1. Separation between the Ala45 and Ala147 pseudo-spin-labels, each 7 Å from Cα along Cα→Cβ, expressed in nm?
2. Just to check I understand the Karplus step: with θ = phi - 60° and J = 6.51 cos²θ - 1.76 cosθ + 1.60, what whole-Hz values come out for region 40-57, glycine and proline as x?
3. Give the long-range amide H neighbours of Asn82: residues separated by 5 or more places, or on another chain, with amide H under 5 Å away, using H modelled in the peptide plane at 1.01 Å from N.
Amino acid sequence: MRRPFLILFALFAAVPALTVSSPAAADQTDPRLDLLFEELRTGEAAKSEENVARILEIWANASSDTVDVLYERAEIALSANNKNLATALLDHVIGLAPSFAQGYALRGAVRLSDDDRAGAIEDFSRVLELEPRQFEVRTALANILLAAGEKRDAYDMFQKVLEWNPHDERVRNRARALRRELDGQEI
């Protein structure tokens, strides 16, 4: 039941389905992440979807049964379009596990879906403090920047996404299109 968070970000980037379940540290220090990111950055495109799914699954586990249950209930509430309940549950998630980046990421996605860009940006910024490699959040921020007419900053953010997830064709295509628009302008 990790799909509502991904559905929100699917508006911004193609995200593969999650299939692997494994525990991880809430502070995103799980040693498997470094290996997965190295493989994602240097490996074959054919294996990238599997690596992305494994990374997302690690990120979605708080290593706390209570936080995991609250997070899952927030996802369920969100899938039922009960954003108020989802937000309240995520507030508790963040209160109990302030180093759990995905709590902020999902709350940011809820805020973004409610057109609360300032709140979304605040949550997404906290995610990047905790996990600078969070490519989904960077994609969402790039789209926020693009919607605000900040094409150069959006391009830079898309490039950061590709730094961590170079096989994301949708982001790559958007970055290329932006680059063409920006050609001739000082970058």
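1. So the two model labels end up 2.9 nm from each other.
2. Calculated HN-Hα couplings, in order: 5, 6, 10, x, 6, 4, 4, 8, 5, 4, 5, 5, 4, 4, 5, 4, 4, 5 Hz.
3. Close amide H contacts, sequence-distant or interchain: none at all.
We did not get these values from a lab; they are worked out from the coordinates using the rules stated. Note that this is a predicted model, so its numbers are computed, not measured. A quick note on method: Cβ atoms are made from the backbone with ideal geometry, for glycine too, and the neighbour counts reach across all protein chains shown.
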